[in-house]
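Down below is the structure, laid out as structure tokens.
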Ligand SMILES: [Zn+2]
């Protein structure tokens, strides 16, 4: 008697499992369909892939998904080795309009890091394990120079490197440091409070990644080193003219083919004091791009060049553009599907 009453209940479980599996498999099929119908510029939103109404999401929200655990690398070329210097309940991503390689003052003084807009006094955390090699003013000019453009700064030499070269992280415009030169710190340790010291017009944290030597000329784009937030990828490009010369300040638009949301950026504005990644040799990078199908759009000499790419979660999506010759379809750098995070 009990058995009979239980029987329908017991049936529910397999049915529920089947429904779950069906839902999962239909999601996969839908994703594949998007690729094949990608010529349609306004595909309908897929309710399975985006359970939240994306149009209602405020892009300025101070919440984003947690980061992937570090070190995070889906291919041998990636090196997302660092956590972010600010906790996820604050704005902890680079200011889009003030990225690495941007030229905002003299052409030979490009921006050598990224800026994270946080109120004065925000805890600044070590982005990786290592030893403090600088704490205080005078990082660039020396001798505790109060005019130093970095203001109060902390530099860490990390316990790990890349291709046998040591890595350094640098935190500038601080209001006060919480560490001394020589201290060993762990990832996430409080090292300073953010501020507005040095050459800074508003409270923010300036973060640099340096490789090989702790030197102003040895910076690399932090967007290729900071762990992406979950579900997001990094779009990286090398844009040259037909002769192979780097295109400076070239506008690039990423258009999400589901939401039609646009992400805009520019190539590095200078070839002085900015460096491309040892492998990618990029002059363009945008991190924190939600995974999905995108059109890379490049306005160049009166034409709009377009390339369809799929941004994979936690991964670098690479493209190569060569002026009037257009995009190269050579795309060897995408991770194998089995390496991608589950459920994405
Ligand atoms: Zn800065």
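The values are calculated or read from the model by the stated rules, or taken from the named source; none is laboratory data. These numbers come from a predicted model, not from an experiment. Glycine also receives a Cβ, built like all others from the backbone with ideal geometry; neighbour counts cover every protein chain displayed.
Observations
- In the range 107-147, residue farthest from residue 283 (Cα to Cα) [restricted to those that are modelled with pLDDT under 95, within 14 Å of the ligand (Cβ to nearest atom) and over 18 Å from the mean Cα position of the chain (by Cα)]: 139
- Within the range 140-166, the set of residues being in contact with a strand residue (DSSP E or B) (Cβ under 8 Å, 6 or more places away or on another chain) and under 22 Å from residue 80 (Cβ atoms) comprises 154, 155, 156, 157, 158, 159, 160, 161, 162, 165, 166.
- Any hit, the range 75-84, residues being within 16 Å of the ligand (Cβ to nearest atom) and either outside the structural domain of residue 152 (by TED's automatic domain parsing) or under 25 Å from residue 216 (Cα atoms) (or both): yes
- Test: residue in the range 97-104 that is within 16 Å of the ligand (Cβ to nearest atom), free of Cβ contacts under 8 Å to residues at least 12 places away in the same chain and within 19 Å of the chain's Cα centre (by Cα): yes
- Residue match in the range 167-186 (condition: out of contact with any strand residue (DSSP E or B) (no Cβ under 9 Å at 6 or more places or on another chain), closer than 19 Å to residue 273 by Cα and away from the ligand (no atom under 16 Å from the Cβ)): no
- When residue 151 is tested against (1) within 21 Å of the chain's Cα centre (by Cα); (2) within 16 Å of the ligand (Cβ to nearest atom); (3) surrounded by 18 or more Cβ atoms within 10 Å (Cβ to Cβ), just one condition goes unmet, and that condition is (1).
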